[in-house]
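Chemist: Dropping the structure in here first, questions after.
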Amino acid sequence: MSQSKTRLEVRDLVTIGVFGVIYFVCMFAVGMMGVVPILYLLYPMVFGVVGGPIVLLFMAKVQKPWALVIFGMITPIIMFLFGHTLLVPGVALVTILVAEGIRRIGKYRFSSL
């Protein structure tokens with residue numbers, strides 16, 4: 001790939017920020033299910049359905065190295081600032097680095113079925 005195709009540009013960083021905000025707002029909105037105690041158990045499934053397409057659209061839009069790491073660390077850092085333990089960003093970083101490695105193997109492109 002050429003140098004301009006592999007480097008993050010300002011446009012990419014803005015896209016990362018916009019998708020990060022959309023992802024966080026959806027996470028917060030779906031998280032309000034926790035007000036009803038029994039629905040708290042359904043949160044992971046419901047958020048997977050709501051948040052998954054956001055991440056997939058982001059990965060299709062920005063196909064450059066380290067974009068997923070930046071996008072994926074926005075929410076854990078905000079959660080840490082709001083009172084979660086340091087474990088949240090730590091586990092997220094390890095998971096995101098594994099995902100970034102998988103994307104690197106696939107050359108940041110989606111394969112057609």
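The values are calculated or read from the model by the stated rules, or taken from the named source; none is laboratory data. These figures come from a predicted structure and were not determined experimentally. Note that we place each Cβ from the backbone using ideal geometry, even for glycine, and neighbour counts take in every protein chain shown.
Chemist: In the range 17-72, how many residues are surrounded by 13 or more Cβ atoms within 10 Å (Cβ to Cβ) and of a type in the set (G, A, S)?
Modeler: Residues meeting the conditions: 6.
Chemist: Next question. Quick one: in the range 22-42, which of the residues that are of a type in the set (F, W, Y) and within 19 Å of G72 (Cα to Cα) is nearest to the chain's Cα centre (by Cα)?
Modeler: So the residue we want is Y23.
Chemist: Residues that are among the polar types (S, T, N, Q), in contact with a strand residue (DSSP E or B) (Cβ under 8 Å, 6 or more places away or on another chain) and modelled with pLDDT of 95 or more: list the helices (runs of 4 or more DSSP H) wholly contained in the range 1-89 that include at least 1 such residues.
Modeler: Output list is empty.
Chemist: What are the pairs with Cβ atoms under 9 angstrom where one residue, in the range 54-66, is free of Cβ contacts under 8 Å to residues at least 60 places away in the same chain and within 14 Å of I96 (Cα to Cα) and the other, located anywhere, is of a type in the set (D, E, K, R) and not in a helix (DSSP H, G or I)? Sequence gap at least six, or different chains.
Modeler: P65/R7
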